[in-house]
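**Student:** The structure follows.
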Amino acid sequence: MTELQVAKATPEVAKMIADLAAQPATPSSEPPPVSKWWDWAQVVAPTAAAVWAYRSSLHFGLIADARFLIVENTKLRSWSDLWPNVTHDYFWSSSGNTIPYWRPLTKASWLAETIAGAGATWPFHAMQVLWFAMACVGVAVLARTLGAWPLWAVLAGVVAALHPVALEPVGLVMARSDVVAAAGALWALIGFARQLQDPKLRWLALHIAGLAVALASKEAAVTLPVVLLVWLLQVRDRDQTWRATLMPALPALVLALGYVVARRVVLGDRQGAEIAFDPLRMLAGAGQYALGLLPGRSESSIHNLPLTMAIEPLRMAAWLLALASWGLWLGWSLRKRCPDAMLLIWMALSIAPVLMVKQLNVPGVDGKIALADRWLFLAMLAMQVLLALVVSRLRHRWLARTGFVAAAVWTAVRLADIDAQVAAYADDASLVALEDRQFAATPLEHRTQQDRCRFAIRTLITLGQRGDFAEVVAASERAEPACRYAAEFRFNRFVALVENRQYSLGIAEGRRLLADPPADRRYAASLRFLMGRALVKTSQHAAAESMLRESLKMGLQTCESAQLLAQALQAKPDAAGAAKWYERAAACLAKTGQANAAEWSAAARQWQTAGNRERALRAIERSGPPSVRDPPAPVMAAPPASDLSPTSNPASHM
């Protein structure tokens, strides 16, 4: 209307037009007022998706590094172990392994779960899923805090819960640090954002608590203050002083500096890995991770990449195109001063360390570029926040509806097939099968010598899990000559020789392994245990006692360990010592529901030989009446062979 038309209008109409003109223009993408229902939805929906997706993991075992870090770790048993664990490096354990990482929250949490579960594995996986659910809720809350529509924020949390990149870090307890660090970082950002909007103490407390959790879980969290500084520069008013602009990041900077100092005190001169600038590795890694973040994937594409594949022209062109696109996006967001820039820089900083560290302590990457889903985990979560913000800006309803339908279809597909993918991390056998599938998917021309040798090792392990140890020995003799010198290959051959009762050959192989041990000590306890068994069977009891005591000290405390040590002491002769270990074996068997009358009878005989009539009578009483006693065999049969394979856990623990 012109001014003349307004003047001629009725007073009521004129007033209405004036009021409308005085209101600020509202972008069409701005969300309408929302109800409190969305506050519940952003918590319930991502949590439900995460719990449902990984519900089966409560029945999983502790595999890979979790064996020596938790299962066989005698330094992770009681609350008196808390202080030593939080004041030593991440790999500090009875295995003797070491690594220049400091992750005190992870070690303290594992100790609490060990004590609470009394040997059960479900508390570890339940805590893993709980932290993951907190991270997914954090995705939804952060997206909404930054301005995403509630629907898209909730969907972002659900997509994060079902994303294929999360399979490895959530399925493997050894990746706890990655999950907890991501959850802590997300909530630290939420607290920071809320504090900028509403400066109250509770938001500052949330920010500091989240950052402390992230720092105590993984070293990469020290980059978070940089993200905060970028954020502050993005939202800075032109008339605001630099001091006022940067002051909100001060608590994070102080906390990160305190962490660096504490880490130096704990680790001393071991200041972590050396930095190396490898252009091919940085291009290939960044490009592969950038492609892995594209939406709509039902399987992860992140695996160790052979160098022969990394130099393919078409592949390099795809990486350059992807990185250029991300770079343009970053430049646009910096110019527009929108939160995309902060998220993009956060994603880049989260993967930068694994592209620049010279030695990543990852097995099987000779001739390859090391890549892993758990290293992309944080960037994947940030990507869902970013996508929620982008879709919330769509001005055309048909685009938003198309995006919603695509997300709904993807969610339905993931819910249908995620159980089978999660099952790949259930136990050692399923993990070996997963590695075999990845090997089969690698073209022949891109398989490295180490790939073929690791496949040969997995073949030995699979045969051993089936109990066919004669075939394991035969397969080891058919393997490529170059593979026979690998420490893990030699160890698996040694296991097969002992399990196949070829004790003399097994002892010879074991002594060679002891003389030239693998650099990784995760098999040290199993090596000594099986050497002890072979030495007992060949009546070399003094040497057997030494091996068995070492394996017990390293954390491999099985019922059979106690039985074998009792036999070795009985032949020494040390009747009192043998009686004590027979009693321990009997108690161990009772915990697992196995018959133990033979062990109590053997203990009674040894106490009688030692002249301790009272202990002998008590042992006889524990063995039960003669009509129900076990046959007077001195020891029980060995545990199932699969329980003693090099990549699995002994079935019965004292």
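The values are calculated or read from the model by the stated rules, or taken from the named source; none is laboratory data. Every value quoted in this text rests on a predicted model; they were computed, and no experiment measured them. As a convention, Cβ positions derive from the backbone with ideal geometry for all residues, glycine included, and neighbour counts pool all protein chains shown. In case anyone asks, the SASA skips ligands and DNA or RNA and just uses the protein heavy atoms, side chains included. Shrake-Rupley method; radii C 1.70, N 1.55, O 1.52, S 1.80 Å.
**Student:** Classify segment 128-265 as rounded, prolate or oblate, taking a ≥ b ≥ c as the square roots of the eigenvalues of its Cα gyration tensor: rounded when a/c is under 1.5, otherwise prolate if a/b is larger than b/c and oblate if not.
**Tutor:** Judged from the Cα gyration tensor, segment 128-265 comes out oblate (a/c at least 1.5, b/c at or above a/b).
**Student:** Still on this model: With every protein chain kept in place and ligands, DNA and RNA left out, what is the accessible area per residue of segment 439-535? Probe 1.4 Å, answer in Å².
**Tutor:** Values: 4380 Å² over 97 residues.
So segment 439-535 comes to 45 Å² accessible per residue, rounded to a whole number.
**Student:** Still on this structure, please answer the following. I'd like to know which of Leu201, Ala587, Val498 lies farthest towards the positive end of the charge dipole of the chain, counting +1 on Cβ of Lys and Arg and -1 on Cβ of Asp and Glu.
**Tutor:** Leu201
**Student:** Report, largest value first, the span of the C-alpha coordinates of segment 391-500 along each principal axis, in whole Å.
**Tutor:** Extents along the principal axes, in whole Å: 68, 30, 18.
**Student:** If the reach is capped at under 17 angstrom between alpha carbons, list the lysines near Lys75, excluding any in the same chain fewer than eight residues apart.
**Tutor:** Lys75 reaches Lys107, Lys553.
**Student:** First select every other residue whose beta carbon is under 11 angstrom from the beta carbon of Val495; then total the charges, Lys and Arg +1, Asp and Glu -1.
**Tutor:** That works out to 0.
**Student:** How large is ³J(HN,Hα) for each residue in segment 177-191, as worked out from phi by the Karplus curve 6.51 cos²θ - 1.76 cosθ + 1.60 (θ = phi - 60°), to whole Hz, x for Gly and Pro?
**Tutor:** 4, 5, 5, 5, 4, 5, 4, x, 5, 4, 6, 5, 5, 4, x
**Student:** Continuing with the same structure: Keeping every protein chain present and rolling a 1.4 Å probe, give me the accessible area per residue for segment 81-184 in Å².
**Tutor:** Each residue of segment 81-184 exposes 25 Å² on average to a 1.4 Å probe.
**Student:** Calculate, axis by axis, the spread of Cα positions in segment 426-470 along the three principal axes, and write the results as whole Å, longest axis first.
**Tutor:** 33, 26, 12
**Student:** Now, a different point. What are the ³J(HN,Hα) values, in whole Hz, obtained from phi via the Karplus relation 6.51 cos²θ - 1.76 cosθ + 1.60 with θ = phi - 60°, for each residue of segment 158-170 in sequence order, with x given for Gly and Pro?
**Tutor:** 5, 4, 4, 5, 9, 5, x, 5, 7, 4, 5, x, 7
**Student:** Let me ask another. Using the alpha-carbon centroid of each, what span in Å lies between segment 300-342 and segment 60-96?
**Tutor:** Here the answer is 38 Å between Cα centres.
**Student:** Would you kindly enumerate the cysteines in the chain that have no other Cys beta-carbon under 4.7 Å from their beta-carbon?
**Tutor:** Within the chain, the cysteines lacking a partner Cβ under 4.7 Å are Cys136, Cys338.
**Student:** If I model the chain as equal point scatterers sitting on the Cα atoms and use the Debye formula, what is log10 I(q)/I(0) at q = 0.06, 0.08, 0.10 Å⁻¹?
**Tutor:** Debye output, listed in q order: -0.42, -0.70, -0.99.
**Student:** Okay, next question. Translational diffusion coefficient, Stokes-Einstein: compute it for segment 55-145 using the Kirkwood radius over C-alpha pairs as Rh, at 25 °C and 0.890 mPa s, and state it as an integer in µm² s⁻¹.
**Tutor:** D, rounded to a whole number, is 173 µm²/s.
**Student:** How big is the Cα convex hull of segment 297-446 in projection, averaged over all directions, in nm²?
**Tutor:** Averaged projected hull area, Cα only: 11.4 nm².
**Student:** Among all the aspartates and glutamates, which ones have a C-alpha under 13 Å from Lys591's C-alpha, if same-chain residues fewer than 8 places away are not counted?
**Tutor:** Glu583
**Student:** Can I ask one more? Carbon and sulfur together cover what percent of the accessible area of the chain at a 1.4 Å probe radius?
**Tutor:** 63
**Student:** Using the 2.2 N^0.38 Å rule of thumb for compact globular proteins, work out how segment 147-200 stacks up: its C-alpha Rg over that value, please.
**Tutor:** Details: Rg = 13.9 Å, N = 54, 2.2 N^0.38 = 10.0 Å.
So the Cα radius of gyration is 1.39 times the expected 2.2 N^0.38 Å.
**Student:** Restricted to Cα positions, what overall size does segment 473-524 have along the principal axes? Three whole-Å values, descending.
**Tutor:** 26, 24, 16
**Student:** Then there is this: Any idea what log10 I(q)/I(0) is at q = 0.17, 0.22 Å⁻¹ for segment 552-624, Debye with uniform C-alpha scatterers and no solvent?
**Tutor:** One equal scatterer on each Cα of segment 552-624 leads to -0.55, -0.87.
**Student:** At q = 0.13, 0.18, 0.24, 0.26 Å⁻¹, what is the log10 ratio I(q)/I(0) for segment 239-309, with the Debye formula run over Cα points and no solvent?
**Tutor:** -0.81, -0.88, -0.98, -1.09
**Student:** Further question: Tell me the Rg and the Dmax, in Å, that the Cα atoms of segment 520-579 produce.
**Tutor:** Rg and Dmax of segment 520-579, Cα atoms, are 10.7, 37 Å.
**Student:** Right, something else. Amide H of Ile369 versus every other amide H placed in the peptide plane: which residues, excluding those fewer than 5 positions away on the same chain, fall under 5 Å?
**Tutor:** Leu305, Leu307
**Student:** HN-Hα J couplings of segment 498-515 from phi, Karplus 6.51/-1.76/1.60, θ = phi - 60°, integer Hz, Gly and Pro as x?
**Tutor:** 5, 5, 7, 6, 8, 5, 5, 5, x, 5, 4, 5, x, 5, 5, 5, 5, 6
**Student:** Residues of segment 363-415: accessible area per residue at 1.4 Å, in Å²? If you can, show how the numbers build up before the last one.
**Tutor:** Numbers: 2410 Å² over 53 residues.
It amounts to 45 Å² per residue over segment 363-415.
**Student:** With every atom except the alpha carbons ignored, what do you get for Rg and Dmax of segment 116-173, in angstroms?
**Tutor:** When restricted to Cα atoms, segment 116-173 yields Rg and Dmax of 13.9, 45 Å.
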